[in-house]
Amino acid sequence: MDISQVKNVTVAGGGVLGSQIAFQIAYSGYDTTIWLRTDASIGRAQPKIDRLKEIYLNTLEALKTNPKAYAYGLIAKEDITAEKLDELKGRVEEAYAHLKLTTDWDEAFNDADFVIESVAEEPKQKIAFYSELAKHLPEKTVIATNSSTMIPSMFAEHTGRPEKYLALHFANEIWKNPLAEVMGHAGTAQENFDLVVAFAASIRMIPVKVLKEQPGYLLNSMLVPFLSAAEGLWAGGIGSPEDIDRAWMIGTGAPAGPFRILDIIGLTTAYNVGMLNPKAQQEGTIENRIVTLLKEKIDAGELGINAGKGFYTYGK
C-alpha cells in the first residue's frame, strides 16, 4: 500500500493527543474515526474536539492580521491570504462535521487503511486492545502506536501483523508543534515505515526518523527526565510549580515551564508514565511521592488544560 491508497484512518483513544491527532487528520482530508471504549469516553472526548475546532478557527482568523499566530499544521506560510484562510476555516467546519466517534469495533476498524493507537499508557490495556483489534481489521491495515514511552517490539506480536506495526509519536499541540517521530522495530517492513513517514507529511507534520528502538523516541528521551526533575523539586518541597516554571523560563528564555507543559500533556498521562518506574511503588521514595501527589490532583479533577485546571487554572 502507498500513501495514495490511504483513505480511511481510525484513531483509537480520544484523550489529549488522540483527539488532536484525529482532528488534524480530518482537517487534512482523510475520512477519520475515533474509536472509544464507552459512551462515557465519547462524552469526555467531545469537548476536546469542540475546543480544537475553536482553536483552529481562531488561529486561522488571527492569521489575517497577526503573523505571530502562525501554526505550521494549518497552512504553509507562502499560502497565507485572506481568501485561503477563509477556505481553510470551511475545511475546519467540514472536518468537525464529519469526524466520527464510535464505540463499535467493526464500524471503526473494518475498512481502516491505517490505525493509530492512542489508548492509555499502560501495557496491559494496550495488549488487550491489540488482541481484540486483530479480530476486526482487514489484511491491508497498517497500525502505529502513539505510545510516548513504550517501544513497538513490546506489542508487535499481539497485533497479529508485526511487519505492519510501528510507532508514530506526536508532540502536544500538534497544529503548532508539528513533530511526528517514526520508529519501527526489527520486524517492521521498510515499505510500511516509509508509508507512515509519507502519511505524517501528508497531514502537515514534520516526520523525523528514529533509527533504533528507543523508549521515549527522540523528544521524550529528553523531555521526560526534564519533567521528572521538575516533579522531584515539587514533590520534595524544594520549590512551588510556579517558581520552578519561573526559574526555567527566566533562565533559558523558554516560553513555558515544566508544569505548564505537564498541564498540556495531561496529568493522567504524567501519572501513568510515572507509574512505569518501579520506584513509584516504594513508599518513602521521591518517585512514590510524585505519583501520590499527581493522583491527588487527578482525583480532584485537576487533569490539566483540557479540564480547566491542573497546576494552573484556565478559562473555559
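The values are calculated or read from the model by the stated rules, or taken from the named source; none is laboratory data. Given the structure is predicted, the values throughout are model-derived calculations rather than measurements. For neighbour counting, all protein chains shown are included, and Cβ atoms are generated from backbone atoms with ideal geometry for every residue, glycine included. Protein only, heavy atoms only, side chains kept; ligands, DNA and RNA dropped before computing areas. Shrake-Rupley method; radii C 1.70, N 1.55, O 1.52, S 1.80 Å.
When the chain is described by a simple charge dipole with +1 on each Lys and Arg Cβ and -1 on each Asp and Glu Cβ, the residue from Leu179, Pro67, Phe129 located farthest towards its positive end is Pro67.
Dipole check for the chain: with +1 at the C-beta of Lys and Arg, -1 at the C-beta of Asp and Glu, and the Cα centre as origin, the magnitude is about 520 Debye.
For the options Leu262, Leu63, Leu99, a Gaussian network treatment of the chain with springs between C-alpha atoms closer than 10 Å singles out Leu63 as fluctuating the most. Specify whether the C-alpha gyration tensor of region 3-210 places it in the rounded, prolate or oblate class, a ≥ b ≥ c being the square roots of the eigenvalues: rounded for a/c under 1.5, otherwise prolate if a/b is larger than b/c and oblate if not. It comes out prolate by the Cα gyration axes. Along the axis of the charge dipole computed for region 188-245 (Cβ charges of +1 for Lys and Arg, -1 for Asp and Glu, origin at the Cα centre), the listed residues Pro225, Ala198, Gly239 are led at the positive end by Ala198. Here the dipole of region 1-79 is about 260 debye; that uses its Cα centre as origin and unit charges on the Cβ of Lys and Arg (positive) and Asp and Glu (negative). The region of the chain that goes longest without hitting one of the GluC sites (Glu not before Pro) in a DSSP loop, each with at most 11 other Cβ atoms within 10 Å, is 140-282.
Between Ile250, Ile265, Ile305, the GNM of the chain built on Cα springs shorter than 10 angstrom shows Ile250 fluctuating the most. For Gln5, put the label point 7 Å out on the Cα→Cβ axis and report which residues of region 129-147 keep their amide N under 18 Å from it. What the label zone holds, given the 18 Å backbone N cut-off, is 137-144. Pairs from the table (Lys164/Lys209; Lys53/Lys140; Lys7/Lys164; Lys84/Lys309) lying more than 26 angstrom apart at Cα are Lys53/Lys140; Lys84/Lys309. Rolling a 1.4 Å probe over the protein heavy atoms gives region 267-316 an accessible area of 56 Å² per residue. Taking the Cβ of Thr141 as the center, what net charge do the other residues with Cβ under 10 Å away carry, scoring Lys and Arg +1 and Asp and Glu -1? Result for the local shell: 0.
Give the distance, in whole Å, between the Cα centre of region 191-243 and the Cα centre of region 268-316. Answer, in whole Å: 18.
Note on the chain: GNM, Cα springs under 10 Å; of Thr159, Thr33, Thr65, the largest mean-square fluctuation is that of Thr65.
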